[in-house]
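Here's the structure we're looking at; comments come further down.
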Amino acid sequence: MPFVVGYGIAIIGALIAYQLSKGKTKKRQYIVWGITLMLAISPFLSFALGLTYAAITENGWAALIMWYIFPVIFVIGLIVLVIGIFKKKEQRKEADL
């Protein structure tokens, strides 16, 4: 049951990211979620999904699917982080009088 550890760490990482980004600006939320996706979610979730798939197919080589899942989730996290870094600060629109 080592895949349960992977799912657990990914869920804990998502919960921590949610707590850190709650009530913050969109820019800060993108940065927090990008870092979380890259460091906490992608490696552990891909590990857990790979082991789960290998257990279902009863083939140890099937666990190598994590080599394909990890870069995809990592790149998504990198894109979210870059969006957060380069996003302009939100400006308030004043009502016309």
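What follows is calculated from the coordinates using simple rules that are stated; it is not laboratory data. Note that the structure is predicted; figures quoted are calculated from it, not measured. Virtual Cβ from ideal backbone geometry, glycine too; neighbours counted across all protein chains shown.
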Give the residue, chosen from Ala48, Ala40, Ala55, that is part of a helix (DSSP H, G or I), within 28 Å of Ile85 (Cα to Cα) and free of Cβ contacts under 8 Å to residues at least 60 places away in the same chain. Ala40
Considering only segment 1-37, how many residues are without any contact (Cβ under 8 Å) to a residue 12 or more places away in the chain, part of a loop (DSSP other than H, G, I, E, B) and not aliphatic (A, V, I, L, M)? 3
If you take the residues in segment 28-79 that are over 16 Å from the mean Cα position of the chain (by Cα), surrounded by 14 or more Cβ atoms within 10 Å (Cβ to Cβ) and not aliphatic (A, V, I, L, M), which one is nearest to Phe3 (Cα to Cα)? Thr52
